[in-house]
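The values are calculated or read from the model by the stated rules, or taken from the named source; none is laboratory data. Since we're looking at a predicted model, the values are computed, not measured. Methodologically, a virtual Cβ is constructed for each residue, glycine included, from the backbone with ideal geometry; neighbour enumeration extends over all protein chains shown.
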Amino acid sequence: MADQRIKVLHIITRLVRGGAQRIVLDLLKRLPRDEFDVVLAAGEQTGDEGSLWPEAEQLGVTLVRIPSLVREISPFKDIRAYGELRRAVRTHHPVIVHAHTSKAGLLGCMAAKKEGVPSVILAPHGHILAEGAQIPGVPVRGWKRTLLAMAAKHNARYADVIVAPNQAELDDGIAHDLWTSDHCFVVPNGVDTTRFRPGDSTKARTRMGLNAASPIIGVIARLTREKGVDIAIEALAKLEGVQGVVIGDGPERKALEALVSAYNMATRVRFLGARDDVHELLPAFDAVLVPSRTEAHGLVAAEALACEIPVVAVAIGGLKSLIIHEQTGLAVSPGPNAAAELATALRRLIADKTLARSLALTGRQHIFENFSLDVMAEKTVDLYRRLASSSSVGKSHSMGKPMMLE
């Protein structure tokens, strides 16, 4: 008997430790296997952040390695990657292609359209024109950035549906003329609230070998410029008697360690590198600091809130949907005064335990109701079913009123 399941091909540029990659793997875990036959295609490139390929291999889905798919602009490799993606589509015959991030989004959607895939979804996970956006190796001005901006503006023409994790990213893309509202949908990125939940702070601090006598602030991020860890270090330098813990790795690590030394904070700011046990470490913190220069969603902030840890963040991009000032956290304005404002907000949280507890409780409820894995999976499955049903009767997805994912 023929397999009646809906075949979905997910495409992402890299499987490094990052928010977009984490979201994709968590989503694939939640797709019901009796209804969906899932294929995941990704480039083999890894980095200082660490690799998620070992975890992907445990998912029980078909994996396809795309050797030429890399993050950097490389015309020769990009042309080869396009061909490799077309072969993957021809081999697996998906009904739906769901392409993630900019490079895989463009090449994956183009390949899917060329091969006649009935339904193509683009999930940008941020874009080059977003406020504060910067891609390693791409100058703020120059031909590479111009080329990426042009590609971003043409990306949506190859997709039937654009999926954004929050209203802020959807509206930002419309404002930059990247896509139109008639085929855009908000499907929130989800947190595994069974994994990220309140825990024993003493046990978590012992796990890291930390002194429980002073407040501990956590910074969890890929160590790249756009994550603003240098801003966090500057903020911590303005606070006395506070310890800082940086979890994550990346190309900026040496520069950030040098910055800590320049502020004479080597004894109170520790770098732990990339960790698999972040959910067990989060309860150690009195607050989590999210100083990003650009952020499509802000998965770390959501994970901290799920653990009932108060969050102080820069109000930018998707963080504005997560950190509602004075309700689910404390938010400060982006810009040159961000470090000083973050320090002031942290000082306030440390001094006012009642406020910190109130924000933490409200924050966890906010995640449960709006940003859980269950919510993300439910809305994604609903979208897939509608697209598959529409494809079966030959309807176009880019015409008419948008499907509302309530």
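Values as computed for the structure displayed
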| read-out | value |
| --- | --- |
| Cβ-Cβ under 7 Å pairs, at least 6 apart or on other chains, the range 78-95 side over 14 Å from residue 39 (Cβ atoms), far side of a type in the set (Val, Ile, Thr) and outside any helix (DSSP H, G or I) | 81/66 |
| Count of the range 312-328 residues which are in a loop (DSSP other than H, G, I, E, B) and surrounded by fewer than 23 Cβ atoms within 10 Å (Cβ to Cβ) | 4 |
| Test: residue in the range 218-225 that is part of a helix (DSSP H, G or I), at pLDDT 90 or above and out of contact with any strand residue (DSSP E or B) (no Cβ under 9 Å at 6 or more places or on another chain) | yes |
| Members of the range 49-71 found to be part of a loop (DSSP other than H, G, I, E, B), closer than 14 Å to residue 16 by Cα and either out of contact with any helix residue (DSSP H, G or I) (no Cβ under 7 Å at 6 or more places or on another chain) or small (Gly, Ala, Ser) (or both), listed by number | 49, 50, 57 |
| Residue match in the range 355-369 (condition: within 21 Å of the chain's Cα centre (by Cα) and either aliphatic (A, V, I, L, M) or within 26 Å of residue 251 (Cβ to Cβ) (or both)) | yes |
| Residues of the range 329-354 satisfying the condition of being in a helix (DSSP H, G or I), in contact (Cβ under 8 Å) with a residue 24 or more places away in the chain and not charged (D, E, K, R) | 338, 339, 340, 342, 343, 345, 346, 349, 350 |
| Flag for residue 62 being of a type in the set (Val, Ile, Thr), touching a residue at least 40 places away in the same chain (Cβ under 8 Å) and assigned by TED's automatic domain parsing to the domain that holds residue 32 | no |
| In the range 147-166, residue nearest to the chain's Cα centre (by Cα) [restricted to those that are at pLDDT below 85 and of a type outside the set (A, V, I, L, M, F, W, C)] | 155 |
| Qualifying position, being closer than 23 Å to residue 48 by Cα, surrounded by fewer than 17 Cβ atoms within 10 Å (Cβ to Cβ) and either hydrophobic (A, V, I, L, M, F, W, C) or in contact with a Leu (Cβ under 9 Å, 6 or more places away or on another chain) (or both), among 255, 232, 221 | 255 |
| Subset of the range 100-128 [of a type in the set (A, V, I, L, M, F, W, C), modelled with pLDDT of 95 or more and under 21 Å from residue 35 (Cβ atoms)] | 112, 117, 120, 121 |
| Set 213, 204, 232: member being farther than 26 Å from residue 255 by Cα, among the small types (Gly, Ala, Ser) and assigned to a helix (DSSP H, G or I) | 204 |
| Pairs where the first residue, in the range 26-45, is part of a helix (DSSP H, G or I) and the second is surrounded by fewer than 19 Cβ atoms within 10 Å (Cβ to Cβ) and not hydrophobic (A, V, I, L, M, F, W, C), C-beta under 8 Å, 6+ apart | 26/192; 30/374 |
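Results for (1) of a type in the set (Lys, Arg); (2) under 21 Å from residue 317 (Cβ atoms); (3) touching a Gly at 6+ places or on another chain (Cβ under 6 Å), shown as yes or no for each residue.
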residue: 198; (1), (2), (3): no, no, no
residue: 207; (1), (2), (3): yes, no, no
residue: 214; (1), (2), (3): no, no, yes
residue: 219; (1), (2), (3): no, yes, no
residue: 232; (1), (2), (3): no, yes, no
residue: 237; (1), (2), (3): no, no, no
residue: 256; (1), (2), (3): no, no, no
residue: 287; (1), (2), (3): no, yes, no
residue: 302; (1), (2), (3): no, yes, no
